[in-house]
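Visitor: Below is the structure I would like to discuss, written out as structure tokens.
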Amino acid sequence: MLMTPGLAFFYGGMVRARSVLNMIMMSFSALGVVGVLWALFGFSAAFGDSVGGVIGNPLDFVALGGILPEGAESIPLVGSIPAAAFVIFQLMFASITVALISGAVADRMKFSAWLIFAGIWATLVYFPVAHWVFAADGLVSERGGWIISDLRAIDFAGGTAVHINAGVAALVLATVLGVRRGWRTHPSRPHNLTLVMIGVALLWFGWIGFNSGSALAADGAAASVLVTTIVSACAGMLAWLVVERVRDGHHTTLGAASGVVAGLVGITPACASVDVVGALVIGLASGAACALAVGIKYRLGYDDSLDVVGVHLVGGLIGTLLVGLVATSSAPTGVDGLFYGGGFDQLWRQAAGAAAVMAYAAVATTVIALAVRACIGLRVDPEDEIAGIDLSQHAESAYDWGRAGGRKGRGSGRGDHAYALVETGLRDAEQAVPGQDHGYAVTGGDRGLS
Amino acid sequence: MKLVTAIIRPVAFDEVEEVLDAAGVHGMTVTEVRGRGRQKGHTELYRGSEFAVDMHAKAKVEVVVPDDDVDRVVAALVGAARSGDGEVGRVGDGKVWVTKVEQVVRVRTGEQGVDAV
């Protein structure tokens with residue numbers, strides 16, 4: 001439960017001060033939208049009895065029928081935990097996957113379009129893919145999804161279903177949406193790196209539950225996963241910092257936070273398949289690769305604002321594929337990778353699973369994004385983008401910059417934006433030279449007199 | 001009467017306030033501002049992409065002084081705002097200028113001119 005709010009702060013700190021509420025709201029709203037759908041039919045679509053390995057029967061657990069305990073003696077269990085707890089545990093995977101996508105569309109997507117996209121994407125992409133990857137035969141229903149049951153690719157806690165899936169969706173949505181005004185010429189500077197660090201701390205802590213909890217028991221396997229998860233995150237942080245020091249001459253705070261996330265993303269599919277050495281390898285590889293990958297967007301020209309592709313798609317792919325190389329049968333899943341004498345068998349299964357998720361997510365997300373764009377449009381007006389998306393979408397501003405010129409608004413109802421714009425003083429400053437990043441001059445870097 | 005306006009490094013403000021106080025100047029207006037002179041900007045790094053900051057945070061100090069005190073106040077102010085111990089400070093230490101003031105009125109009493117300074 002900590003992860004998605006943690007992600008909200010992590011992302012929120014990375015955008016400009018005038019967009020932070022929208023960024024936070026996209027994560028929180030993912031919890032809202034996906035939570036409702038999950039309870040109504042999502043859990044059933046992911047974990048109901050399989051229809052050809054492709055989708056769970058959405059009618060099996062409509063409105064979570066049969067999940068809640070009816071008296072202490074009839075509590076249904078999944079693994080060693082009550083089914084009701086498993087439902088909510090898995091809901092958190094669904095929510096954060098959707099929330100992750102929002103990092104690619106910062107500053108410019110209509111909030112209404114985001115809510116609709118989130119609901120449709122969860123239904124058409126996440127629920128089926130989660131079924132493929134997480135619904136093992138006999139776990140909840142008799143027959144499960146094809147990747148885990150037939151292909152037998154290993155994805156312990158969501159490298160494919162969560163990170164690759166969200167990364168591909170982010171790439172597609174950011175491409176359909178287009179780049180932010182002033183992107184590359186006036187890059188957006190994170191407005192609050194301390195908020196980023198608080199967010200990543202919460203995210204890191206939540207991730208322990210995400211990975212270890214996937215053992216569905218408080219046992220040795222969960223403890224083993226705890227070790228690999230932490231070790232990989234630490235290695236990821238160091239690797240990112242080393243890349244930065246060599247490439248840019250400085251090790252940055254945002255780099256440390258990003259390295260932690262990269263290490264966590266990389267170990268997520270592999271956390272129950274590797275020993276400490278394997279975890280170190282995965283952490284170092286993901287940290288270094290993601291640090292290098294975040295620059296690709298500038299060469300290819302898509303505005304993946306907060307590097308969802310560079311961190312989650314790349315990190316997810318590395319972790320998923322490395323299972324095929326550094327998995328060891330001494331770990332809980334009991335599979336040897338190529339380097340441990342297991343040959344290429346597991347490697348091709350990992351590659352096939354990742355490729356299938358990428359292909360499906362790419363096609364389905366493209367269709368959804370184009371459909372939403374055609375129906376209601378995806379982007380806010382250019383003027384609102386310049387003035388800050390918080391005001392136009394939420395009629396709020398995150399920080400009180402003083403009351404010069406502000407007074408109580410006339411309207412008590414919706415949308416008296418003029419009042420808010422005057423109060424923050426942003427409209428005039430922004431419109432003076434459209435397209436330039438005056439957020440810095442107006443809102444940033446208040447060091448004060450010291 | 002003259003208006004002495006100084007743009008200084010924010011970290012120099014404490015010392016400037018001290019010498020102005022010692023020079024008998026107690027009233028002042030201080031504003032946090034941004035700007036640039038000969039000082040070049042600096043570069044910040046966020047995930048490898050550079051962010052050029054060419055407007056620096058500065059403090060603007062404004063004091064109104066009688067004509068006779070101008071040179072003394074400016075000298076004290078410049079001495080306090082200059083970085084380091086030597087005769088020459090560093091680029092970015094700031095600038096001081098003096099402008100004529102036609103009239104000053106103290107709102108509380110209605111006093112005018114030098115009496116209101």
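The values are calculated or read from the model by the stated rules, or taken from the named source; none is laboratory data. Just so we're clear, the structure is a prediction, and the values are computed from it rather than from any experiment. Neighbour counts are summed over all protein chains in view; Cβ atoms, including those assigned to glycine, are modelled from backbone coordinates with ideal geometry. Ligands, DNA and RNA are stripped out before the accessible areas are found, and what is left, the full protein with its side chains, is counted by its heavy atoms. Shrake-Rupley method; radii C 1.70, N 1.55, O 1.52, S 1.80 Å.
Visitor: Would you mind telling me which numbered condition in (1) open to solvent by less than 50 Å² (accessible area, probe 1.4 Å); (2) free of Cβ contacts under 8 Å to residues at least 40 places away in the same chain; (3) away from chain A (no Cβ under 14 Å) B:VAL88 fails?
Guide: It fails just one condition, (1).
Visitor: If you don't mind, another one. For residues in region A:224-245 being of a type outside the set (D, E, K, R) and within 11 Å of chain B (Cβ to nearest Cβ), which is most open to solvent (accessible area, probe 1.4 Å)?
Guide: Residues of region A:224-245 of a type outside the set (D, E, K, R): A:224-243.
Applying the additional criterion that residues be within 11 Å of chain B (Cβ to nearest Cβ) yields A:240, A:243.
Details: A:TRP240: 0, A:VAL243: 23 Å².
By that ranking, first place goes to A:VAL243.
Residue-by-condition table, conditions (1) more than 17 Å from A:MET237 (Cα to Cα); (2) away from chain B (no Cβ under 14 Å); (3) of a type in the set (Val, Ile, Thr); (4) surrounded by 17 or more Cβ atoms within 10 Å (Cβ to Cβ):
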residue: A:SER305; (1), (2), (3), (4): yes, no, no, yes
residue: A:VAL311; (1), (2), (3), (4): no, no, yes, yes
residue: A:THR320; (1), (2), (3), (4): yes, yes, yes, yes
residue: A:THR328; (1), (2), (3), (4): yes, yes, yes, yes
residue: A:PRO332; (1), (2), (3), (4): yes, yes, no, yes
residue: A:VAL335; (1), (2), (3), (4): yes, yes, yes, yes
residue: A:GLY341; (1), (2), (3), (4): yes, yes, no, no
residue: A:PHE344; (1), (2), (3), (4): yes, yes, no, no
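Visitor: Mind checking which residues of region A:249-266 are at the interface with chain B (Cβ under 9 Å from one of its Cβ atoms) and not small (Gly, Ala, Ser)?
Guide: Residues of region A:249-266 that are at the interface with chain B (Cβ under 9 Å from one of its Cβ atoms), as a first pass: A:249-250, A:252, A:254-255, A:258.
A:HIS250, A:THR252, A:LEU254, listed by residue number.
Visitor: Turning to a different aspect of this structure: Tell me whether region A:153-170 contains one or more residues that are of a type outside the set (Ser, Thr, Tyr), surrounded by fewer than 24 Cβ atoms within 10 Å (Cβ to Cβ) and more than 14 Å from chain B (Cβ to nearest Cβ).
Guide: Let us first name the residues in region A:153-170 that are of a type outside the set (Ser, Thr, Tyr), namely A:153-159, A:161-170.
From the residues that got through so far, the ones that are surrounded by fewer than 24 Cβ atoms within 10 Å (Cβ to Cβ) too are none.
Within region A:153-170, not a single residue is of a type outside the set (Ser, Thr, Tyr), surrounded by fewer than 24 Cβ atoms within 10 Å (Cβ to Cβ) and more than 14 Å from chain B (Cβ to nearest Cβ).
Visitor: For region A:1-52, give me each residue that is of a type in the set (A, V, I, L, M), under 18 Å from A:ALA257 (Cβ atoms) and surrounded by fewer than 22 Cβ atoms within 10 Å (Cβ to Cβ). Break it down into steps so the answer makes sense when it comes.
Guide: To start, the set of residues in region A:1-52 that are of a type in the set (A, V, I, L, M) comprises A:1-3, A:7-8, A:14-15, A:17, A:20-21, A:23-26, A:30-31, A:33-34, A:36-37, A:39-40, A:45-46, A:51.
Next, only the ones that are under 18 Å from A:ALA257 (Cβ atoms) stay: A:2-3, A:7-8, A:14-15, A:20, A:23-24.
If the condition is that a residue be of a type in the set (A, V, I, L, M), under 18 Å from A:ALA257 (Cβ atoms) and surrounded by fewer than 22 Cβ atoms within 10 Å (Cβ to Cβ), then A:LEU2 is the only one that fits.
Visitor: Looking at region B:86-112 only, could you name the residues that are farther than 20 Å from B:THR5 by Cβ and not in a loop (DSSP other than H, G, I, E, B)?
Guide: Passing the criteria: only B:GLN112.
Visitor: Right, something else. Output the residues belonging to region A:194-214 that are within 27 Å of A:LEU139 (Cβ to Cβ), touching a Leu at 6+ places or on another chain (Cβ under 9 Å) and open to solvent by less than 50 Å² (accessible area, probe 1.4 Å).
Guide: A:LEU203, A:GLY206, A:TRP207, A:ILE208, A:GLY209, A:PHE210, A:ASN211, A:SER212
Visitor: Just give me the residues in region A:286-313 being aliphatic (A, V, I, L, M) and either closer than 25 Å to A:LEU193 by Cα or under 18 Å from the mean Cα position of the chain (by Cα) (or both), in sequence order. Spell out how you get there, then give the answer.
Guide: Here is the first cut: in region A:286-313, the ones aliphatic (A, V, I, L, M) are A:288-289, A:291-294, A:296, A:300, A:306, A:308-309, A:311, A:313.
A:ALA288, A:ALA289, A:ALA291, A:LEU292, A:ALA293, A:VAL294, A:ILE296, A:LEU306, A:VAL308, A:VAL309, A:VAL311, A:LEU313, listed by residue number.
Visitor: Please go through region A:177-190 and give me each residue that is assigned to a loop (DSSP other than H, G, I, E, B) and not small (Gly, Ala, Ser), ordered by number. Steps first, answer last, please.
Guide: Step one: of region A:177-190, the residues assigned to a loop (DSSP other than H, G, I, E, B) are A:178-190.
Across region A:177-190, the qualifying residues are A:VAL179, A:ARG180, A:ARG181, A:TRP183, A:ARG184, A:THR185, A:HIS186, A:PRO187, A:ARG189, A:PRO190.
Visitor: Related question: Could you go through region A:86-93 and let me know if any residue there is farther than 20 Å from A:ALA361 by Cβ, without any contact (Cβ under 8 Å) to a residue 60 or more places away in the chain and assigned to a loop (DSSP other than H, G, I, E, B).
Guide: No, every residue in region A:86-93 fails to be farther than 20 Å from A:ALA361 by Cβ, without any contact (Cβ under 8 Å) to a residue 60 or more places away in the chain and assigned to a loop (DSSP other than H, G, I, E, B).
Visitor: Ok, one more. Among the candidates A:GLY12, A:GLY42, A:GLY32, which residue alone is part of a helix (DSSP H, G or I) and touching a Leu at 6+ places or on another chain (Cβ under 7 Å)? It would help to see each step written out before you state the result.
Guide: Values: A:GLY42 fails: touching a Leu at 6+ places or on another chain (Cβ under 7 Å); A:GLY32 fails: touching a Leu at 6+ places or on another chain (Cβ under 7 Å).
Being part of a helix (DSSP H, G or I) and touching a Leu at 6+ places or on another chain (Cβ under 7 Å) holds for just one of A:GLY12, A:GLY42, A:GLY32, which is A:GLY12.
Visitor: Ok, one more. For region A:191-233, give me the residue count where each residue is more than 18 Å from the chain's Cα centre (by Cα) and either of a type outside the set (Gly, Ala, Ser) or assigned to a loop (DSSP other than H, G, I, E, B) (or both).
Guide: Selection size over region A:191-233: 14.
Visitor: Under 7 Å by Cβ, and 6 or more places apart or on different chains, what pairs join a residue from region B:47-65 that is touching a residue at least 12 places away in the same chain (Cβ under 8 Å) and more than 8 Å from chain A (Cβ to nearest Cβ) with one that is assigned to a strand (DSSP E or B) and open to solvent by 60 Å² or more (accessible area, probe 1.4 Å)?
Guide: Filtered contacts from region B:47-65: B:HIS56/B:ARG34; B:LYS58/B:ARG34; B:GLU62/B:THR29.
Visitor: So which residues in region A:268-300 are at pLDDT 95 or above, of a type in the set (Gly, Ala, Ser) and surrounded by fewer than 24 Cβ atoms within 10 Å (Cβ to Cβ), if there are any at all?
Guide: The answer is A:ALA288, A:ALA289, A:ALA293.
Visitor: In this structure, does B:THR5 turn out to be within 14 Å of chain A (Cβ to nearest Cβ) and at pLDDT 95 or above?
Guide: Numbers: within 14 Å of chain A (Cβ to nearest Cβ): no; at pLDDT 95 or above: yes.
Taking the combined requirement at face value, the residue does not satisfy it.
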